[in-house]
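Notes to accompany the following structure.
The values are calculated or read from the model by the stated rules, or taken from the named source; none is laboratory data. This is a predicted model, so every value here is computed, not measured. Counting neighbours? That spans all protein chains shown, and the Cβs are built from the backbone with ideal geometry, glycine included. Surface accessibility is based on the protein's heavy atoms, side chains included, excluding ligands, DNA and RNA. Shrake-Rupley method; radii C 1.70, N 1.55, O 1.52, S 1.80 Å.
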Amino acid sequence: MSAPRLEVDLTKVEANARWLVERLARHAIAVTGVTKAALGAPAVGAAFVRAGVTGLGDSRVQNLARLREGGTRLPLTLIRSPMLSEVGAVVREAARSMHSEGAVLDALSAAASPERTPHGVILMVELGDLREGVPAEAVDALAVHVEALPGLHLAGLGTNLACQSGIAPDQSKMDQLSEIVRAVERAIGRPLDVVSGGGSAALGWALTTTDVGRVNELRLGESILLGTDPLHRTPIEGLHTDACRLVAEVIEVQSKPAQPWGTQGHSTFGTPAARPGRGTRRQALVALGHQDVDPAGVTPPPGLAVLGASSDHLVLDADASDVAVGDCIELGLDYGALVRAMTSPFVTKVLRGTTPQSASIH
Ligand SMILES: *Cc1c(COP(=O)(O)O)cnc(C)c1O
């Protein structure tokens, strides 16, 4: 089998999604499964659907198109505010989209067909993480504006925290969101259907709170695929953390001086990190680099430790390992590493736990 390869175990992905769907159902929160880290692969979307998600979301219109062509019947949500230049594709491919700009909504309305079911709009509210979102005090006016736009239906509000500045989705932020929902409902004179409280970073709050307020949906990607909580970078108990693994091949194992020698300048990827130890140590080279993965986000097996990486080489301390040339090693991945591996043309994607005909990401 070719290396490097990214192996995704769909049985574990489905189990993770089912665990989250069931726990959140106790809080009356539905799950939109986010497929962007899997490039909208229909087989991954299908695993989410079997687990009971109520919709699928992705940040890229191309990925939504793949899901749709793959036969997904659940509503699809574009979770990144559309480019003005893609509103036509958005109304074709997505049932709903998330927004923060009046000009984009105007264009979306113009592109929406009057004959079709109105396109659902979720307005994103800025609550302090400083990525996408309308300031809280401007949401009412934009909601009233959307209500008057033909071809669109204001489905609800959403927010996104943690992704840009690491601001925690805590009780106070979620209470603020519910408060803004009530204000918008007073302004438009009707209830809103959807309150989308965030991504996997909101799970710590959602699974423990005694008051979800108006939040009735989360958009989950990382927690389903990796079993981790992005806010604390910790495993979520009950979830598989090895559903996605990167397999790569060792191309050199040599005993070398622990420390480099000669006059030192910068290396290709900045100042080299200090190496541990003295004397002679075993070093392993793996055919894997920045072109394949984010080397800072990989976890090698026990006995091996990452010393550094360049475009095409991962350098490992192998003093406590009997790894040999030609061996394949399995690396754990964080979200950044998963996304890089998934988008690298050099990494073969292998789906396990599915029928052969759907076993491809590309
Ligand atoms: C990526 C993304 C998500 C999913 O986040 P995870 O941390 O992968 O669960 C949710 N909402 C928006 C707007 C996103 O961009």
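Over the alpha carbons of the range 173-237, what is the largest minus smallest coordinate on each principal axis, giving the biggest first in Å?
42, 20, 14
When we measure straight from the Cα of residue 12, which lysines land under 24 angstrom away, once same-chain ones fewer than 8 places off are left out?
Once the sequence-local lysines are set aside, what remains near residue 12 is 36, 349.
Please list the three semi-axes, largest first and in whole Å, of the ellipsoid equivalent to the range 68-136, using sqrt of 5 times the eigenvalues of its alpha carbon gyration tensor.
Working: eigenvalues 98, 43, 20 Å².
Output for the range 68-136: semi-axes of 22, 15, 10 Å.
Once you keep just the Cα pairs under 8 angstrom separated by 6 or more residues, what percentage relative contact order results for the chain? Working shown, then result.
Working: 804 pairs, mean separation 67.9, N = 362.
Value for the chain: 19 percent.
About its Cα centre, how strong a charge dipole does the chain have in debye, to the nearest 20, once Lys and Arg get +1 and Asp and Glu get -1 at the Cβ? Before the final figure, lay out the partial values.
Values: 32 positive and 39 negative charges, 101 e Å.
With Lys and Arg at +1 and Asp and Glu at -1, about 480 debye.
Which angle from 0 to 90°, rounded to the nearest 10, does the C-alpha axis of helix 171-188 make with the longest principal axis of the chain?
30 degrees
Please compute the contact order of the range 126-172 in relative form: average sequence separation of alpha-carbon pairs under 8 Å and at least six residues apart, divided by the residue count, as a percent.
Numbers: 42 pairs, mean separation 21.4, N = 47.
This gives 46 percent for the range 126-172.
What whole-number distance in Å separates the alpha-carbon centres of the range 243-281 and the range 171-190?
53 Å
What is the log10 of I(q)/I(0) for the chain, computed with the Debye formula using one identical point scatterer on each Cα and no solvent, at q = 0.08, 0.10, 0.11, 0.12 Å⁻¹?
Each listed q corresponds, in turn, to -0.46, -0.68, -0.79, -0.90.
Mind pulling the angle between the C-alpha long axis of helix 102-111 and the longest principal axis of the chain? Nearest 10 degrees, somewhere in 0 to 90.
Helix 102-111 sits roughly 80 degrees off the main axis of the chain.
Calculate one ³J(HN,Hα) per residue across the range 329-339 by plugging θ = phi - 60° into the Karplus curve 6.51 cos²θ - 1.76 cosθ + 1.60, and present them in order as whole Hz with x for glycine and proline.
Calculated HN-Hα couplings, in order: 10, 9, 10, x, 10, 8, 5, x, 5, 4, 5 Hz.
Under 16 Å Cα to Cα from residue 173, which aspartates and glutamates show up? Leave out anything in the same chain fewer than 8 places away.
126, 129, 132, 137, 211, 217
In whole percent, what relative contact order does the range 235-301 give with Cα contacts below 8 Å and a gap of six or more residues?
The value is 39 percent.
Once phi is turned into ³J(HN,Hα) by the Karplus curve 6.51 cos²θ - 1.76 cosθ + 1.60 with θ = phi - 60°, what whole-Hz value does each residue of the range 36-42 show in order, with x for glycine and proline?
Once θ is set to phi - 60°, the couplings for the range 36-42 become 4, 6, 10, 6, x, 4, x Hz.
Using θ = phi - 60° and the Karplus curve 6.51 cos²θ - 1.76 cosθ + 1.60, what whole-Hz ³J(HN,Hα) does each residue of the range 54-66 get, with Gly and Pro shown as x?
Residue by residue, the range 54-66 yields 9, x, 10, x, 8, 7, 10, 4, 4, 5, 5, 4, 4 Hz.
So who's got an amide H within less than 5 Å of the one on residue 305, skipping anything under 5 residues away but keeping other chains? H placed 1.01 Å off N, in plane.
So residue 305 has HN proximity to 317.
Over the range 199-321, what number does the Rg to Rh ratio reach, with both radii from the alpha-carbon atoms and Rh per Kirkwood?
Working: Rg = 19.5 Å, Rh = 17.4 Å.
Using only Cα positions, Rg/Rh for the range 199-321 is 1.13.
Under 20 °C and 1.002 mPa s, how fast does the range 101-234 diffuse according to Stokes-Einstein, given a Kirkwood radius computed over C-alpha pairs? Answer in µm²/s, whole number. Intermediate results must be reported in sequence, preceding the final value.
Details: Rh = 15.5 Å.
Approximately 138 µm²/s, per Stokes-Einstein.
What's the carbon and sulfur percent of the chain's accessible surface, probe 1.4 angstrom, rounded to a whole number?
52 percent
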